[in-house]
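Got a structure for you, written out below as structure tokens; questions coming shortly.
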Amino acid sequence: MSSPGVDGDPKPPCLPRNGLVKLPGQPNGLGAASITKGTPAAKNRPCQPPPPTLPPPSLAAPPPRAALAGGLCPQAGLPLGGPALAPVPGPPAERPPLATDEKILNGLFWYFSACEKCVLAQVCKAWRRVLYQPKFWAGLTPVLHAKELYTVLPGGEKEFVNLQGFAARGFEGFCLVGVSDLDICEFIDNYALSKKGVKAMSLKRSTITDAGLEVMLEQMQGVVRLELSGCNDFTEAGLWSSLSARITSLSVSDCINVADDAIAAISQLLPNLAELSLQAYHVTDTALAYFTARQGHSTHTLRLLSCWEITNHGVVNVVHSLPNLTALSLSGCSKVTDDGVELVAENLRKLRSLDLSWCPRITDMALEYVACDLHRLEELVLDRCVRITDTGLSYLSTMSSLRSLYLRWCCQLQDLEELELTNCPGATPELFKYFSQHLPRCLVVE
């Protein structure tokens, strides 16, 4: 039978066209669907209209309250109060590539040296952002030469370089080489952390004057460690006018204008001085008498390097004024003899480090004094002590606390006959091999 059309004309229910079977239009107005002719659906079951479609959920009538309370779903026949289906997991959150993953980079960059980090920071902005954290640069001191502080503009004028990269890394100390008073003032004006953030300043081979030194220490209120090396334009008057009581560490070396009066300024103006390193050819025993009881409580490290005029009388002043020293260097003090070492051993019992290198008058007797009295000594330097023999080394064998012994350029030890290293856990096979090559006549007892 045929069903009437819309205008009363008969119209077949299924009309093949080009191998397709077109289903009649659906009463809900959603249009028609097509399936391929010859499929199981077309062969095994008669052509019939599709089941009526339900209205969209948003347009359906809301279920009764009883159904929401635990009844049946009117459409699916499932209990509404039953366990809900597990939500379908969405796509995983995208992770950044390994090359820019900050968590990985924070652990990776610890394995590189400071020079390598400077190169890696130029790879990309992500690496620079990670590397410019202060934790990667702690304990490092950038060295800036005077010619590196300025860039030449096209017109020939000079412009001070941008130091924001140094500020981002949080450097607490700087070493300036070959700078003048004007360079130091420019550095203070252009470095954001210069007033409070810089804790240590080192000036080497610079032409800083008394006025420049005074301005620097007055403006840079955070400086507590100061080093002056090869600076020949400032005088002792500059030290008197610029040194501040906040300084706890001072190093002065190879400055021709430093003499006894400079030591007087240091001793009177720096009551909290903990560490003093002095290399001056014109300092005498008189200068060491300026130290008072104020430094005696705070100073724990004293290095007198190549102070040729200091004798045993100067050592007497040191041991009585600075009884709490834990590190003492008399390196290059060529007039100090065994008697001076005896004074040190008897009065400075807290010493842990003693440097007697380049003291040609030291003999085996001095080592006997050291071994008998300095029971806390951990480091002993005897480089270029040409009068030390194997007899003196035998005295040191009783020092149980000694960890480091330096005997470089002690050529007289070639006649050493026996060296016992029993119960020395730090003695490695490489050490025994070294002894066998350089001391062929010596019996090494393991």
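The values are calculated or read from the model by the stated rules, or taken from the named source; none is laboratory data. The shown structure was predicted, so the numbers you read here are calculated from the model rather than taken from an experiment. For neighbour counting, all protein chains shown are included, and Cβ atoms are generated from backbone atoms with ideal geometry for every residue, glycine included. For the accessible areas, the whole protein counts, side chains as well, though only heavy atoms, and no ligand, DNA or RNA atoms are used. Shrake-Rupley method; radii C 1.70, N 1.55, O 1.52, S 1.80 Å.
Taking K and R as +1 and D and E as -1, what net charge do the other residues with C-beta under 9 Å from the C-beta of R361 add up to?
Working: positive: K335, R387; negative: D338.
For residues surrounding R361, the net value is +1.
What are the aspartates and glutamates whose alpha-carbon lies under 19 Å from the alpha-carbon of K335, with same-chain residues fewer than 8 places away excluded?
By straight Cα distance, K335 reaches D260, D285, E309, D355, D364, D383.
Let me ask another. With a sphere of radius 12 Å drawn around the Cβ of L348, what net charge do the other residues whose Cβ falls strictly inside it have (Lys, Arg +1; Asp, Glu -1)? Show your work: numbers first, answer last.
Values: positive: R349, K350, R352, R376; negative: E342, E346, D373.
Net charge around L348: +1.
Can you pull the accessible area of K335 for me, 1.4 Å probe, Å² to the nearest 10?
Taking all protein chains as shown, K335 has close to 80 Å².
Apply the Karplus parameterisation 6.51 cos²θ - 1.76 cosθ + 1.60, with θ equal to phi minus 60°, to every residue of region 238-249 and state each ³J(HN,Hα) to the nearest whole Hz, in sequence, with x for glycine and proline.
With the stated coefficients, region 238-249 comes to x, 5, 4, 8, 10, 4, 10, 5, 6, 6, 10, 9 Hz.
Could you give each residue of region 183-198 its phi-based ³J(HN,Hα) in whole Hz, using Karplus coefficients 6.51, -1.76, 1.60 with θ = phi - 60°, and x for Gly or Pro?
4, 5, 5, 5, 4, 5, 6, 9, 9, 5, 9, 5, 6, 10, x, 8
Counting Lys +1, Arg +1, Asp -1, Glu -1, what net charge surrounds L176 among other residues with beta carbon under 13 Å of its beta carbon?
Values: positive: K147, K204, R205; negative: E148, D181, D183, E186, E227.
Around L176, the charge tally is -2.
Would you list D233, D383 from the most to the least accessible area, probe 1.4 Å?
On the way: D233 75, D383 10 Å².
Ranked from most to least accessible, the order is D233, D383.
Another question about this same structure. Between their Cα atoms, which of K103/K196; K103/K195; K158/K204; K135/K196; K117/K199; K117/K147 are more than 27 Å away from each other?
Numbers: K103/K196 31 Å; K103/K195 34 Å; K158/K204 23 Å; K135/K196 19 Å; K117/K199 23 Å; K117/K147 23 Å.
Over 27 Å Cα-Cα: K103/K196; K103/K195.
Next up: Once you sort the root eigenvalues of the Cα gyration tensor of region 151-225 as a ≥ b ≥ c, which label holds: rounded (a/c under 1.5), prolate (a/b larger than b/c) or oblate (the other case)? Walk me through the numbers before you get to the answer.
Details: a/c = 1.96, a/b = 1.22, b/c = 1.61.
Oblate, because a/c is 1.5 or more while a/b does not exceed b/c.
Using the Karplus equation 6.51 cos²θ - 1.76 cosθ + 1.60 (θ = phi - 60°), what ³J(HN,Hα) coupling, rounded to whole Hz, does each residue of region 132-149 give in order, writing x for Gly and Pro?
These are the phi-based 3J(HN,Hα) values: 7, 7, x, 5, 7, 10, 5, x, 9, 10, x, 10, 10, 7, 4, 6, 8, 7 Hz.
Search the structure for amide H atoms under 5 Å from the amide H of V444, placed 1.01 Å from N in the peptide plane, and list their residues when 5 or more places away or on another chain.
Correct list: L419.
Which value, in Å², gives the accessible area per residue of region 140-415 when a 1.4 Å probe is used on the protein heavy atoms?
Numbers: 12220 Å² over 276 residues.
Result: 44 Å² of accessible area for each residue.
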